[in-house]
Amino acid sequence: MAFKLTDEHITQHARDGFTVFRQIVPTSLIADMRREVEAALPQVREKFGPQRQRFSASEEFGMNLKPFNDLNELPGLVDAARQMLSDDHRFTFSCILVNPVIRPYCTQWHRDSGHITSQPGFTGELAEEWANRILWPQYINQYNCPLYADGATWFVPGSQCRMTDTPGEIAAANAHADLFPEGIENRVTGVELERIDYNYTANMPGAVQLFMEPGDFAVYRPHGWHIGNYVHYTNRATLHGWPRSDEEAQWNSDFQKRLAAASEMATATATA
Ligand SMILES: O=C(O)CCC(=O)C(=O)O
Ligand SMILES: [Fe+2]
């Protein structure tokens with residue numbers, strides 16, 4: 001059955017900050033992409049180590065990039081993005097998220113916008129502009145497209161529209177320092193580490209796990225609270241990229257420049 005975008009996708013994405021287009025990617029394309037990833041992974045792990053969490057698909061690893069480019073042009077997907085986001089939205093492929101092979105691993109709970117909102121120049125008009133942009137569902141989106149069944153990503157619904165964190169969110173995210181002291185991976189077994197990762201992940205108030213099958217395609221807003229919690233005993237190869245309009249790309253680059261200038265001024269004033 002061909003995928004059809006519904007009002008529920010649009011509502012869920014606007015309200016919760018994510019939605020999943022179920023079974024939108026054809027099996028032939030998944031098979032082609034799996035073949036390329038499986039051939040590249042031994043070289044990737046040789047180069048970056050066995051716990052590596054992501055890599056950029058590249059001819060360096062002998063990969064044929066055509067199926068990945070075809071995904072970005074897939075008519076059903078392009079139509080769905082246009083209906084949900086805007087006529088100008090296009091997909092850009094960034095990298096592939098992969099499972100570690102020695103032991104489990106989880107990222108910290110984070111907002112990808114942390115490097116923006118923590119800058120000294122992020123005040124006044126710039127902070128207001130940002131607060132306004134995050135209210136609009138068409139801005140600041142990412143996609144995850146799994147080639148194997150994938151339950152690694154968790155998200156806090158609604159957090160994408162907030163500039164402030166609740167005390168519970170801050171406590172749950174900051175528990176990372178206590179739960180993962182230096183060298184913990186040498187002191188606990190793999191199964192114990194998996195439990196610690198899981199408890200840290202599931203302890204975030206309101207967090208939901210995105211279960212996805214090959215063929216599914218998630219669009220989510222990565223300035224909302226999210227995490228990747230990975231196990232080492234099942235394959236993960238999840239394409240990661242952005243749906244973005246030219247207008248957003250231009251705004252983003254312009255915003256970063258203005259923020260850098262404001263931060264430089266704030267730092268100069270503080271040290272004067
Ligand atoms: O693994 C995921 O799905 C999310 C990863 C992530 O959020 C990150 O690396 O910034
Ligand atoms: Fe992230």
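Considering only the other residues whose Cβ falls under 12 Å of the Cβ of L97, what net charge follows from Lys and Arg at +1 and Asp and Glu at -1?
Charge balance in the 12 Å sphere: +2.
So what are the ³J(HN,Hα) numbers for region 160-169, from phi and the Karplus equation (6.51, -1.76, 1.60; θ = phi - 60°), rounded to whole Hz, Gly and Pro as x?
My calculation for region 160-169 gives 6, 9, 10, 8, 10, 9, 7, x, x, 5 Hz in order.
Give me the aspartates and glutamates in straight-line cross-link reach of K47: C-alpha distance below 12 Å, same-chain residues under 8 apart excluded.
Of all the aspartates and glutamates, those that pass the test against K47 - Cα under 12 Å, at least 8 places apart if same chain - are E60.
What order do you get for E264, E169 when you list them from fewest to most C-beta neighbours inside 10 Å?
In increasing order of surrounding Cβ atoms, one gets E264, E169.
Could you calculate the contour length gain from S28 to E59, that is, 0.36 nm times the residue separation minus the distance between their Cα atoms, to one decimal place in nm?
That pair, S28 and E59, stretches by 9.0 nm at full extension.
Please work out how much length the chain gains when fully extended from R90 to D70, using 0.36 nm per residue of separation minus the C-alpha to C-alpha distance, in nm with one decimal.
Gain in length upon complete extension: 6.0 nm.
Give the shape of region 130-272 as rounded, prolate or oblate, defined through the alpha-carbon gyration tensor: a ≥ b ≥ c are the square roots of its eigenvalues, a/c under 1.5 means rounded, and otherwise the shape is prolate if a/b is larger than b/c and oblate if not.
oblate
Can you list the residues of region 64-83 with backbone N under 17 Å from a point 7 Å past the Cα of E8, pointing along Cα to Cβ?
none
Please enumerate, by chain and number, the aspartates and glutamates with C-alpha under 14 Å from the C-alpha of K66, excluding those fewer than 8 residues away in the same chain.
Answer for K66, where 14 Å is the Cα cut-off: D32, E36, listed by chain and number.
Output wanted: per-residue J couplings in Hz (rounded whole) for region 47-62, from phi through Karplus 6.51 cos²θ - 1.76 cosθ + 1.60, θ = phi - 60°, x for Gly and Pro.
6, 9, x, x, 9, 3, 9, 7, 8, 8, 4, 7, 5, 3, 9, x
Given the Cα-Cα distance of A177 and V78 and 0.36 nm per residue of separation, how much length would full extension add, in nm?
Roughly 31.5 nm would be gained on extension.
Where a number appears in this text, it was derived from the coordinates with a stated rule and is not lab data. Being a predicted model, the structure only gives us computed values, none of them experimental. All Cβ positions, even for glycine, are placed from backbone atoms using ideal geometry, and neighbour counts span all protein chains on display.
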